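Q: A single structure is presented below for examination.
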Amino acid sequence: MKSFRDKRRDNRPPTKGRAEHARPQPNAAPVRPEAKRHETKPDDRSDPKPAPRILARRDGALPAERLPVILEVAPNQDYALLDSGAGEKLEQYGPYRIVRPEGQAIWQKALPARDWDRADAIFTGDTDEEGIGRWRFPKTPLGETWPMKHDGIDYLGRFTSFRHVGVFPEQASHWDHMASLIAAAKRPVKVLNLFGYTGLASLVAARAGAEVTHVDASKKAIGWARENQEMAGLGSKPIRWIVDDAVKFAEREERRGSRYDIVLFDPPAYGRGPKGEVWQLFEDLPGLTDLCRAILTPKPLAVVLTAYSIRASFFAIHALMRDTFAGMGGTVESGELIIREQSAGRALSTSLFSRWVA
């Protein structure tokens, strides 16, 4: 969940491949042998390099629009934004109180210092000796992982060197919306989760009854996601775990005629792949968005785009989504994902989003 450098609102790390989510590469526990049968690697033997995608403005009326839409996550028993300010945020993840940097929090802290001093873990930006960053444990040294829950789904939190813990609570609004669409469809639903990271969106979709394809370029992230699936007791649910470049996978699915009812995609702002591939959000997002439309079923339900740490208004991705889905009817809803603070009720903006809903 699924989030670290200056170019992203949540300061996510640079991605190593254009389709690798700009989220930390966790040191996931080894995947058990019986789980490996679900993990698919890209098949390059029959994958000629495709020609650049040619884009043209689509005919037809633009979808209806609803904006601005502010999707809010309030504090709950699984997660709470306790306070924020002075470039930091104080959060409660299950049993642990955690302090992390937060560039959006330009106001002053509402809680007194004694509440912040009770933190169990603090991420520091000391890069001189410890790499990208490190965790400091003021009380008792904590293990790398700990059990967490989201809406009854068990998963593992993990302290990573990129300040993240494997879940992005602001995405809960999208997960709830997706689950309601799956339940209301009353038919088999296929979900594609591109840049899927540690898999909570995929687990929510599978629990709701969907057949899920989860794609991430990081094998470690896929290992963590598979571990979360087993921990959640959803091992029997139909989820394909695929280690691949998201764009290349989507291009293959278009050629193979594979189609999906719901597509989720959360691409990085910038990435450079091991073979020199370069992903630039503003240059490459139109092509990927067009691909997402191309691999929809005849009766699709939704396409959800989230963008972190980009220097733009949500109106930019809103216009892109409306243009891409011209002639398909439905509605494009765009705005921001926010987390409501417990201390003073302030809203912390985490990302921009735009979604087309049939």
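The values are calculated or read from the model by the stated rules, or taken from the named source; none is laboratory data. Worth saying up front: this structure is predicted, and the values here are computed from it rather than measured. Cβ sites come from the backbone with ideal geometry, for glycine too, and all protein chains shown count toward neighbours.
Q: Out of 62, 111, which single residue is surrounded by 12 or more Cβ atoms within 10 Å (Cβ to Cβ), out of contact with any Leu (no Cβ under 8 Å at 6 or more places or on another chain) and outside any strand (DSSP E or B)?
A: 62
Q: Still on this structure, please answer the following. With 304, 278, 243 as the choices, which residue is within 27 Å of residue 74 (Cβ to Cβ) and either buried (at least 23 other Cβ atoms within 10 Å of the Cβ) or of a type outside the set (Gly, Ala, Ser) (or both)?
A: Only one candidate passes the filter, namely 304.
Q: Select, from 340, 355, the only residue that is modelled with pLDDT of 95 or more, of a type in the set (Lys, Arg) and out of contact with any His (no Cβ under 8 Å at 6 or more places or on another chain).
A: 340
Q: Restricting to segment 75-87, give me the number of residues that are surrounded by 14 or more Cβ atoms within 10 Å (Cβ to Cβ) and modelled with pLDDT under 95.
A: Residues meeting the conditions: 2.
Q: Which number in (1) surrounded by fewer than 19 Cβ atoms within 10 Å (Cβ to Cβ); (2) closer than 21 Å to residue 62 by Cα; (3) among the hydroxyl-bearing types (Ser, Thr, Tyr) marks the one condition that residue 258 misses?
A: It fails just one condition, (2).
Q: Mind listing whichever residues of segment 152-172 are part of a loop (DSSP other than H, G, I, E, B) and under 17 Å from the mean Cα position of the chain (by Cα)?
A: 160, 162, 163, 164, 165, 166, 167, 168
Q: Let me ask something else. Given the criteria within 18 Å of residue 341 (Cβ to Cβ), modelled with pLDDT under 95 and among the small types (Gly, Ala, Ser), does residue 133 qualify?
A: No.
Q: For segment 224-237: of the residues being assigned to a helix (DSSP H, G or I) and touching a Phe, Trp or Tyr at 6+ places or on another chain (Cβ under 9 Å), which is surrounded by the fewest Cβ atoms within 10 Å (Cβ to Cβ)?
A: The residue in question is 231.
Q: Only one residue in 213, 198 is of a type in the set (Ser, Thr, Tyr), surrounded by 20 or more Cβ atoms within 10 Å (Cβ to Cβ) and at pLDDT 95 or above. Which one?
A: 213 is the lone residue from the list that is of a type in the set (Ser, Thr, Tyr), surrounded by 20 or more Cβ atoms within 10 Å (Cβ to Cβ) and at pLDDT 95 or above.
Q: Which residues, counting only those in segment 319-334, are buried (at least 19 other Cβ atoms within 10 Å of the Cβ) and either over 15 Å from residue 55 (Cα atoms) or outside the structural domain of residue 294 (by TED's automatic domain parsing) (or both)?
A: Correct list: 332, 333, 334.
Q: Scan segment 147-167 and report the pairs whose first residue is at negative phi and not assigned by TED's automatic domain parsing to the domain that holds residue 237 and whose second residue is in a loop (DSSP other than H, G, I, E, B) and modelled with pLDDT of 95 or more, with Cβ atoms within less than 6 Å and a gap of 6+ or a chain change.
A: 153/232; 154/232
Q: To continue, here is another question. Could you tell me which numbered condition residue 52 fails, if it satisfies all but one of (1) of a type outside the set (S, T, N, Q); (2) under 30 Å from residue 292 (Cα atoms); (3) surrounded by 13 or more Cβ atoms within 10 Å (Cβ to Cβ)?
A: Result: residue 52 fails condition (3) only.
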